[in-house]
Amino acid sequence: MAAPSTDQPIDQPAGGRFDGREHRLALRVYFEDTDLSGVVYHANYLRWMERARSDMLRLAGIDQRAAHDAGEGAYAVTDLAIRYRAPARLDDAVVVVSRLVAVRPASCRIHQRVIRDGLILAEAEVTAAFVAPDGRPRRQPRPWIDAFQPLVWAPDTDDAT
C-alpha cells in the first residue's frame with residue numbers, strides 16, 4: 001500500500017499552515033494532556049498556544065534560535081489574558097488558530113483560539129516583547145517586522161471567525 005502524498009517532509013514535525021493571515025496548528029488531545037477528571041489541564045492550552053506561536057513565526061521566516069544564538073535577543077511573553085470556555089477531552093482533535101493583531105517596534109500582539117469542531121474552547125490575547133540578552137526590551141530585527149506586516153489581521157478584509 002502506497003503512503004499518502006503530503007506536502008510535509010517525512011519524519012518532520014507538522015508546523016501547521018497559514019490559511020490567509022491565520023496560522024492553524026492541528027493537535028490531538030493525549031492522555032498526558034488531561035487531568036484526573038479526563039479534561040485537558042488548563043496549563044496545556046498555554047503550551048499548545050506557545051507551540052502554535054513558535055510554528056507561526058518559523059513559517060513566517062523568523063529564526064528565533066539564530067537571533068538568540070547571535071546574541072540579538074528573544075521573545076518573552078509580557079502580557080497574557082486567557083478565557084476558558086469549554087473543555088477539551090481525551091482524543092479530541094483541536095486546532096490552535098493564531099492571528100497577529102499588532103506589530104510594534106519591540107513587540108507583537110497575537111490573538112489565539114483553541115477550537116474543536118467550530119466551538120471555541122479557549123482564547124487568549126498574548127503580547128510578546130523582543131528582549132535583549134540582559135532582559136531589557138529592544139527593537140525587533142527589521143526583517144521580522146517586514147515579514148509580519150502582510151500577516152497582520154485586518155478585520156475589514158478578513159473573515160471574523
Completion exercise
Of Ala86, Ala60, Ala26, Ala67, the only residue that is among the aliphatic types (A, V, I, L, M), over 15 Å from Val126 (Cβ atoms), surrounded by fewer than 16 Cβ atoms within 10 Å (Cβ to Cβ) and modelled with pLDDT under 95 is Ala60
Problem - Residue list for region 104-120, restricted to those being touching a strand residue (DSSP E or B) at 6+ places or on another chain (Cβ under 6 Å) and either under 30 Å from Gly135 (Cα atoms) or touching a residue at least 60 places away in the same chain (Cβ under 8 Å) (or both) - result: Ala106, Ser107, Cys108, Arg109, Ile110, His111, Gln112, Arg113, Val114
Exercise for the section: Quick one: in region 71-83, of everything that is under 11 Å from Ala132 (Cα atoms) and not hydroxyl-bearing (Ser, Thr, Tyr), which residue is least open to solvent (accessible area, probe 1.4 Å)? Expected result: Gly73
Practice task
Scan region 139-156 for residues that are among the basic types (Lys, Arg) and either modelled with pLDDT of 95 or more or over 21 Å from Arg58 (Cβ atoms) (or both) and report the count.
Solution key: 1
Completion exercise
Log entry, pairs with first residue in region 136-161 being closer than 12 Å to Gly20 by Cβ, second being surrounded by fewer than 10 Cβ atoms within 10 Å (Cβ to Cβ) and at pLDDT 95 or above, beta carbons closer than 9 Å, six or more apart or on different chains, reads Thr161/Gly118
Fill in the blank from the handout: Taking region 122-154 and keeping only residues that are of a type outside the set (Gly, Ala, Ser), open to solvent by 40 Å² or more (accessible area, probe 1.4 Å) and not in a strand (DSSP E or B), one is left with Pro133, Asp134, Arg136, Arg138, Arg139, Arg142, Pro143, Asp146, Gln149, Pro150, Trp153
Completion exercise
Gly15 vs (1) closer than 30 Å to Gly135 by Cβ; (2) in a loop (DSSP other than H, G, I, E, B); (3) open to solvent by 30 Å² or more (accessible area, probe 1.4 Å); (4) without any contact (Cβ under 8 Å) to a residue 60 or more places away in the chain: all pass except (3)
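The values are calculated or read from the model by the stated rules, or taken from the named source; none is laboratory data. Nothing here was measured: the structure is a model prediction, and the numbers come from that model. No Cβ is skipped: glycine too gets one built from the backbone with ideal geometry, and neighbour counts run over all protein chains shown. When the accessible area is computed, the model is the full protein with side chains, heavy atoms only, and any ligands, DNA or RNA have been set aside. Shrake-Rupley method; radii C 1.70, N 1.55, O 1.52, S 1.80 Å.
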